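The structure appears below as structure tokens.
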Amino acid sequence: ETVRPNPSIQEGRCSGGYARGSYDTRTKGKTKRRSNGWTAEGVVEHTDRGFLKSDFSYTYLRGKVIRYQTTTPSGWLSAEGRGGASIRPLPPHRLFDVGGGPDFYFPFGVLRGVPFDWFQGDRFAAFLIDYHFGGRAFKGVPFPKVSLADMFEVIGFADVAWSSLSARSRAMATDEALRTTDGIYAEVGVSVAERRDYFRFDVMLQRGDGRP
């Protein structure tokens, strides 16, 4: 099963440069996800028709910052900001995808309530807050041989996202299904998740997802 259909591609030669940097202040090791600290990542990609003799001219910027904070012996908070922008129009195969994985198995992505490529754009911003309550809700549940509190956790979440597509970038795309958030998309809810992220069940309220 594919994650998504391949985006439309404007054919041509793309020659340029790409740089990626990351920073992590958390304690290394098995408890890294529960360690207090910051992570940050930034990406820059540049190509142009002049000096680099490319068929495209754009500068692509993307970054994220996450704060992890333990609050109780079993609870912890993560607050994440993401954003991206382009200087000059982007071809369709380089547009930002803003979405997530509402699938039950192996969920991933930025948002929980819409598919991976539900929103696109040449600019986007997102802010995500998760609070992990741990497995205390399952301590009193009888289950043979294993502890459900060690296998599952309850997570509260609140996410907002915005994307925009300039007229010049839209003119380069042949895919008429492109959509943006058309304002601010928001979701808030509760998850019951397997601790290793193999699967997750979400209950949420959504606003502004643009569904038909």
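The values are calculated or read from the model by the stated rules, or taken from the named source; none is laboratory data. Bear in mind that the values here come from a model prediction, so they are computed numbers and not experimental data. Methodologically, a virtual Cβ is constructed for each residue, glycine included, from the backbone with ideal geometry; neighbour enumeration extends over all protein chains shown. In case anyone asks, the SASA skips ligands and DNA or RNA and just uses the protein heavy atoms, side chains included. Shrake-Rupley method; radii C 1.70, N 1.55, O 1.52, S 1.80 Å.
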Test of understanding: what is the full-extension gain from H93 to S57, defined as 0.36 nm times their sequence separation minus their Cα-Cα distance? 11.6 nm
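Take Y185, Y68, Y23 and sort them by solvent-accessible surface of the protein heavy atoms, 1.4 Å probe, largest at the top.
Numbers: Y185 0, Y68 35, Y23 150 Å².
Ranked list, largest accessible area first: Y23, Y68, Y185.
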Would you mind getting me the FRET efficiency between R207 and A79? Use the beta-carbon distance for r and R0 = 25 Å, nearest 0.05. 0.80
For Q69 and E41, extending 7 Å from Cα along the Cα-Cβ vector and measuring point to point gives, in nm, a value of 2.3
